[in-house]
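The values are calculated or read from the model by the stated rules, or taken from the named source; none is laboratory data. All figures in this text were calculated on a predicted structure; none of them were measured in a lab. As a convention, Cβ positions derive from the backbone with ideal geometry for all residues, glycine included, and neighbour counts pool all protein chains shown.
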Amino acid sequence: MWTRSGLTVVLLLVAAACVKNPDSPPLAGPANTEPTQPPPPPPVSTVPVLLRGAVIDADREEPIAGAFVKVKAVNPSVPFVRPPDAWSTTTDARGAFEFAADLPGPWKSLTIEGSRTGYEPSLSVVFPATATFGLVKLQPRLTIRPGESLKTRLFSDGYGCYGGWFPCRLVVLESGDLVDIEVIPAVSNAQVGLQAGASADFPYPPLFNRRITIAGGEFALVGPFAEDWTEPFMWVTLTATRRSVSGR
C-alpha cells in the first residue's frame, strides 16, 4: 500500500532521471535525406552581335523574300543548350535579314540556317570577322517527270545527305510508273550518283550509281565527300525515261 510520502519519493526520483546530464552527448536528430544541391554555374560573359545577311536562290542567284533565318548552333555551345527563339527573323522583300544575339564572349563561330517553302533548308557558317554579313543559299526543290531532261547544279556548300558530309539535291519524280533516272555530269569523270528513297534512310557509304529505276517518289542527286570538292559547284543533267511494258 502506497503512502503519500512514498508517492512523493517516487515522483522525485522520476524527475531526477529526466534532468539532462550536461556531460552527456546530445541526442542525434533525424538523418537529413535531402540531396545536396550543386552550386549554380558561374555567370558567363556575353557580347552583343548584330547579324546581317541575305538569303538567295542558289540556281537563279536572286534574293528570296519571306525566308526564315535562325541561329542553329554556336561554337562553343556552352553554356547554351540551344539558341533561343529570339535569334531568328524573316527576310524582307530584298532577301535581307538582321537581328541581334547575345553570344558567349569567347564564341568562335555560329551556324545560320535558312528555310523557305519550295526550297531545301541550307546552313551557313559565319565567324567573328565576318559576322556582320552572312550569305545563305537555298536550293529550289526539284521536280522531274517522265520524258523530261533537267540541267541543274550541285553545290559544294548546299544541302547535305549522309549526316551532311555529302552535298546532295533532293528531287521528286512525279509518276506512278517505273521510270529510269540517269545523271550525266558535265565533267565525265566527276563523282556523282543517284540514291532512291528518303535521305534519312540512305545506306552508307553512297554507291554513286549513275542510273536507278523507281516508280515515283523522292530520290537524291549525290556529290563527292564535302572535303573533296575543288569547285563550288558542278553541272549535271538528269533524264527521266518511262520504262516500256517489256522492261527494255
Practice task
Scan region 87-100 and give yes if some residue there is farther than 30 Å from VAL171 by Cα and either of a type in the set (Ser, Thr, Tyr) or modelled with pLDDT under 85 (or both), otherwise no.
Solution key: no
Completion exercise
Given (1) under 20 Å from the mean Cα position of the chain (by Cα); (2) crowded, with 18+ Cβ neighbours inside 10 Å, ALA73 misses just (2)
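Here is a list: VAL179, VAL172. Which entry is within 26 Å of GLY114 (Cβ to Cβ) and either charged (D, E, K, R) or not assigned by TED's automatic domain parsing to the domain that holds GLU120 (or both)?
Values: VAL179 fails: within 26 Å of GLY114 (Cβ to Cβ).
Result: VAL172 is the single residue among VAL179, VAL172 that is within 26 Å of GLY114 (Cβ to Cβ) and either charged (D, E, K, R) or not assigned by TED's automatic domain parsing to the domain that holds GLU120 (or both).
Of all the strands (runs of 3 or more DSSP E) wholly in region 149-248, which have at least 3 residues that are surrounded by fewer than 17 Cβ atoms within 10 Å (Cβ to Cβ)?
Numbers: elements: 149-155, 166-173, 179-185, 193-196, 211-214, 217-222, 233-242.
In region 149-248, the matching strands (runs of 3 or more DSSP E) lie at 149-155, 179-185, 233-242.
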Exercise for the section: Hey, could you check region 132-145 for residues that are under 29 Å from ARG242 (Cα atoms) and crowded, with 18+ Cβ neighbours inside 10 Å and say which is modelled with the highest pLDDT? Expected result: ILE144
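Within region 205-222, is even one residue among the basic types (Lys, Arg) and free of Cβ contacts under 8 Å to residues at least 40 places away in the same chain? Write out each step before concluding.
Of all residues in region 205-222, those among the basic types (Lys, Arg) come to 210-211.
Adding the requirement that they be free of Cβ contacts under 8 Å to residues at least 40 places away in the same chain leaves 210-211.
For region 205-222, residues among the basic types (Lys, Arg) and free of Cβ contacts under 8 Å to residues at least 40 places away in the same chain: present.
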Practice task
Would you be able to say whether some residue in region 128-148 is under 27 Å from ALA215 (Cβ atoms) and in contact with a helix residue (DSSP H, G or I) (Cβ under 8 Å, 6 or more places away or on another chain)?
Solution key: no
Problem - The lone exception for ALA100 - which of (1) outside the structural domain of VAL172 (by TED's automatic domain parsing); (2) within 25 Å of LEU194 (Cα to Cα) it fails - result: (2)
Problem - Leading residue by the ranking (surrounded by the most Cβ atoms within 10 Å (Cβ to Cβ)) among those in region 113-131 that are at negative phi and at pLDDT 90 or above - result: GLY114
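For region 174-210: of the residues being among the charged types (D, E, K, R) and more than 17 Å from LEU154 (Cβ to Cβ), which is modelled with the lowest pLDDT? Can you show your working first?
Let us first name the residues in region 174-210 that are among the charged types (D, E, K, R), namely 174, 177, 180, 182, 201, 210.
Checking which are more than 17 Å from LEU154 (Cβ to Cβ) leaves us with 174, 177, 180, 201.
Numbers: GLU174: 93, ASP177: 90, ASP180: 96, ASP201: 70.
Residue satisfying both the conditions and the ranking: ASP201.
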